[in-house]
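First the structure, in the form of structure tokens, and then the observations on it.
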């Protein structure tokens, strides 16, 4: 999940952010993230990536502080679907799962063969 502070076709400036505050409610949580970005004068696009996929789009709020005049023109939230997880732990688990499926496959083929030909052996 990524959030862009503005969109004008130019390349985005990545902003690394960290969780600064969490408030937990019975049905959701409010998470406040902070980050620092340096960008040139003029229009810029800031990109916050690695946000949770379950974020409620209508709950996203963006604010900024600057020594110079600053206008936030909009927020665009995009979901990016990866072919595989970016998390190394998840990647290792996916490899293990795939390996176990490959190892089980010959046994499934033999089982299907014996079930298919069981009537031949019973007569």
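Please work out which residue is farthest from the chain's Cα centre (by Cα), limiting yourself to the range 1-22 and to residues that are at pLDDT 80 or above and over 18 Å from residue 65 (Cβ atoms).
That would be 22.
Yes or no: residue 70 within 25 Å of residue 18 (Cβ to Cβ), at pLDDT below 85 and within 18 Å of the chain's Cα centre (by Cα)?
Here the answer is no, as residue 70 does not meet what is asked.
Being within 30 Å of residue 69 (Cα to Cα) and surrounded by fewer than 14 Cβ atoms within 10 Å (Cβ to Cβ) is the filter here; which residues of the range 23-32 pass it?
30, 32
Are there any pairs, at least 6 apart or on different chains, whose C-beta atoms fall under 6 Å, with the first in the range 19-42 and in contact (Cβ under 8 Å) with a residue 24 or more places away in the chain and the second surrounded by 10 or more Cβ atoms within 10 Å (Cβ to Cβ) and assigned to a strand (DSSP E or B), and if so, which?
Partner pairs satisfying both residue conditions: 37/13; 37/46; 39/13.
How many of the residues making up the range 33-63 are surrounded by 13 or more Cβ atoms within 10 Å (Cβ to Cβ) and either in contact with a helix residue (DSSP H, G or I) (Cβ under 9 Å, 6 or more places away or on another chain) or in a strand (DSSP E or B) (or both)?
Residues meeting the conditions: 7.
The values are calculated or read from the model by the stated rules, or taken from the named source; none is laboratory data. If you're wondering where the values come from, they're calculated on a predicted model, not measured in any experiment. Counting neighbours? That spans all protein chains shown, and the Cβs are built from the backbone with ideal geometry, glycine included.
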